[in-house]
Amino acid sequence: MEFVDRALARRFEAAEEVPQVLYAQLYQKLRPEIGAAVEEICGGHMVFAGLGSPIGRAGAVGLADPVTEADLDRIEAFYRAHQAPAQIDVTPLTDENLLELLTQRGYVMAELNNVLFRKLEGLADLPSSPVDKLIRAGRSDEALEFASIVHRSFFPNSDATADFEAMLAPLFQFPGVQPFVAELEGKNVACGAGLVIPEHKIVGLFGAGTLAEYRGRGLQTAILARRMREAARVGCEYAVIVTKGGTTSMRNAERLGFRVAYSKPTLIRHWPDMEGKPAQTGQ
């Protein structure tokens, strides 16, 4: 069984860190009015992608490099400059000094996710089924349609933010992305994607959704297995999924051999002098 040390956790954290960096860089070009920004800090990055956005926090901080009080001052100054609360992802392997500093400064937990992983070798145990023939590689021009499938899968009553699909669509177009879709009855009914991060030899898996009327047919299991096989083919060593506990995504992953590496809280600090301003929330 694989032992998750600090070096491996650093690689796993790239599954969320790198997409956030790509988002910020994209918004800087396409939506400069947002004021998106990204800076390296203590072996990771701090990201701002707009007020009220579910994207934008400090990630992978304190895994490769130690964190000092001056470093935390810099993180807080970065977010205050954007009129946003400071948010930082931490893991059980994060530099202990950072954890002490966050406690001293009154950070609280905004959300809690599980980081699951599987080594991409010996994939012969992955199941095959008749629905495998329904899965195909997605195209970049289908990104908005894939985002719509995810939107309708998770928010059937359309209770997500108005720009949810526009926010999600770029994930299916980033460099290194591998989208897949299930076609049934002449339409796309399920999707899922992976982002290959070659410098860490991982694929971050995301963007999975199945329209309600097509669930229970094994489509997501087939899409997940297809993504894993393709990631292994291009040289990835691990697949990583970040999800809340008890979700369908987590159950599907565990059925295919994923296990929890660790639970990861996002800690947040609001600024009293900014009360009443739109809050940026974790994803």
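Side notes on the structure shown:
- Using the Cβ-Cβ distance between Glu111 and Lys201 with R0 set to 25 Å, the FRET efficiency from 1/(1 + (r/R0)^6) comes to roughly 0.35.
- Dipole of the chain computed with +1 at Lys/Arg Cβ and -1 at Asp/Glu Cβ about the Cα centre; of His45, Val150, Val115, farthest Cα towards the positive end is Val150.
- Portion, in percent, of the accessible area of segment 168-283 that falls on carbon or sulfur, probe 1.4 Å: 50
- Take segment 1-50 with all the other protein chains still there, run a 1.4 Å probe, and you get 45 Å² of accessible area per residue.
- Relative contact order [Cα under 8 Å, 6+ residues apart], the chain, whole percent: 26
- Calculated on C-alpha atoms, the gyration radius of segment 1-51 divided by its Kirkwood radius gives an Rg/Rh of 1.13.
- Principal axis dimensions, largest first and in whole angstrom, of segment 38-101 by Cα: 29, 20, 18
- Per residue, in Å², the accessible surface of segment 93-147 once ligands and nucleic acids are set aside, probe 1.4 Å: 54
- Dividing the mean sequence gap of close Cα pairs (under 8 Å, 6+ apart) by how many residues segment 1-75 holds gives a relative contact order of 27 percent.
- Measure of compaction for segment 142-283 (Cα Rg per 2.2 N^0.38 Å): 1.14
- Amide H contacts under 5 Å for Ala58, placed H, 5+ residues apart: Val47, Gln87, Ile88, Asp89
- Links that overshoot a 27 Å alpha carbon limit, given the list Lys29/Lys244; Lys119/Lys244; Lys187/Lys244: Lys29/Lys244; Lys187/Lys244
- Annotation: amide H-H contacts under 5 Å for Ala110 (H modelled 1.01 Å from N, sequence separation of 5 or more, or interchain): Thr266, Leu267, Ile268.
- For segment 1-145, the equivalent ellipsoid built from the Cα gyration tensor has semi-axes of 31, 24, 12 Å, listed from largest to smallest.
- The Cα-based radius of gyration of the chain, divided by its Kirkwood radius, gives an Rg/Rh of 0.97.
- Just the protein heavy atoms count here, and of the accessible area of segment 40-140 at 1.4 Å, carbon and sulfur take up 53 percent.
- Gain on full stretching of the segment that runs from Val260 to Gln83 - 0.36 nm per residue minus C-alpha separation: 60.3 nm
- For segment 79-206, the Rg and Dmax computed from alpha carbons only, in angstrom: 19.0, 57
The values are calculated or read from the model by the stated rules, or taken from the named source; none is laboratory data. If you're wondering where the values come from, they're calculated on a predicted model, not measured in any experiment. Please note: Cβ atoms are built from the backbone with ideal geometry, for glycine as well, and neighbour counts cover all protein chains shown. Side chains included, ligands, DNA and RNA excluded: accessible areas come from the protein's heavy atoms. Shrake-Rupley method; radii C 1.70, N 1.55, O 1.52, S 1.80 Å.
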